[in-house]
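Structure record follows, encoded as structure tokens.
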Amino acid sequence: MTPWLPDFLRNPIAALIGETCTATLVDELNILDPQCLRHALSKGLGLGIVLGGCIVKLPQLFKILKSNSVAGISLSSYVLEVLANSITIAYNYRKGYPFTTYGEALFIGAQNIVITLLILAYTGRATLGLATAASLLAFTYTLFESSLV
């Protein structure tokens, strides 16, 4: 069947769910195909979670920046969360899993790193912040380098 959807709309769908399921669900409008429907829902939910991960920590970041204060925020909890995010990302990447299964950890981790550095900066420990950032980068590199771990 000839695709009826314009390429600029169809191509991202095909990239997300594959050409076969795009042909079935979009071109043929067979939305009751159980295999493709499950696949599309799974990919769509994964993408939604990744997109949610892009913004989940932004209110906290904006509040810190607006108030110029990190009172009541635990440094250790953010450091541990960054470490957990790094491990999650490295594990899933090295296993070859699709980005939509772990992508939110990347965006949440990046936001957590910024919050961690803000905690250190606003508490007068900027030098420790640089050392922490360097340590986190070294730790993350080690996780991704298969010859080291």
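The values are calculated or read from the model by the stated rules, or taken from the named source; none is laboratory data. Here the structure is a predicted model, which is why all the values come from computation and not from measurement. As a convention, Cβ positions derive from the backbone with ideal geometry for all residues, glycine included, and neighbour counts pool all protein chains shown. To get the accessible areas, we keep the full protein, side chains included, count just its heavy atoms, and leave off ligands, DNA and RNA. Shrake-Rupley method; radii C 1.70, N 1.55, O 1.52, S 1.80 Å.
Suppose we keep only residues that are in a helix (DSSP H, G or I) and open to solvent by 100 Å² or more (accessible area, probe 1.4 Å) within region 8-47. Which one would you say is nearest to Thr101 (Cα to Cα)?
Going through region 8-47, the residues in a helix (DSSP H, G or I) turn out to be 8-17, 19-27, 34-47.
Narrowing further to those that are open to solvent by 100 Å² or more (accessible area, probe 1.4 Å): 8, 19-20, 35, 38, 41, 45.
Details: Phe8: 25, Glu19: 20, Thr20: 21, Gln35: 19, Arg38: 15, Leu41: 13, Leu45: 10 Å.
The residue in question is Leu45.
For residues in region 118-149 being farther than 21 Å from Asn68 by Cα and among the hydroxyl-bearing types (Ser, Thr, Tyr), which is surrounded by the fewest Cβ atoms within 10 Å (Cβ to Cβ)? Give the derivation first.
The initial filter retains those residues of region 118-149 that are farther than 21 Å from Asn68 by Cα, namely 131, 134-149.
Still in the running and among the hydroxyl-bearing types (Ser, Thr, Tyr): 135, 140-142, 146-147.
Values: Ser135: 11, Thr140: 19, Tyr141: 12, Thr142: 12, Ser146: 8, Ser147: 4.
This residue is Ser147.
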Exercise for review: Scan region 70-100 for residues that are open to solvent by 70 Å² or more (accessible area, probe 1.4 Å) and of a type in the set (D, E, K, R) and report the count.
Suggested key: 2
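For region 101-117, what are the residues that are part of a helix (DSSP H, G or I) and open to solvent by less than 30 Å² (accessible area, probe 1.4 Å)? Before you say what the answer is, go through the steps one by one.
Taking region 101-117 and keeping what is part of a helix (DSSP H, G or I), we get 101, 103-117.
Gly103, Ala105, Gly109, Gln111, Asn112, Ile115, Thr116 - these are the residues of region 101-117 that are part of a helix (DSSP H, G or I) and open to solvent by less than 30 Å² (accessible area, probe 1.4 Å).
Being within 20 Å of Ala133 (Cα to Cα) and modelled with pLDDT of 90 or more is true for just one of Ser67, Ser74. Which residue is that?
Values: Ser67 fails: within 20 Å of Ala133 (Cα to Cα).
Being within 20 Å of Ala133 (Cα to Cα) and modelled with pLDDT of 90 or more holds for just one of Ser67, Ser74, which is Ser74.
If I filter region 54-63 for residues that are open to solvent by 30 Å² or more (accessible area, probe 1.4 Å), part of a loop (DSSP other than H, G, I, E, B) and under 30 Å from Leu128 (Cβ atoms), do I get at least one hit? I'd like the intermediate steps shown before the answer.
Quick first cut of region 54-63, residues open to solvent by 30 Å² or more (accessible area, probe 1.4 Å) only: 54-60, 62-63.
With part of a loop (DSSP other than H, G, I, E, B) added as a condition, the list becomes 56-57.
From the residues that got through so far, the ones that are under 30 Å from Leu128 (Cβ atoms) too are 56-57.
Yes, region 54-63 contains at least one residue that is open to solvent by 30 Å² or more (accessible area, probe 1.4 Å), part of a loop (DSSP other than H, G, I, E, B) and under 30 Å from Leu128 (Cβ atoms).
Take Lys63 and decide whether it is of a type in the set (D, E, K, R) and under 14 Å from Tyr122 (Cβ atoms).
On the way: of a type in the set (D, E, K, R): yes; under 14 Å from Tyr122 (Cβ atoms): yes.
In short, yes.
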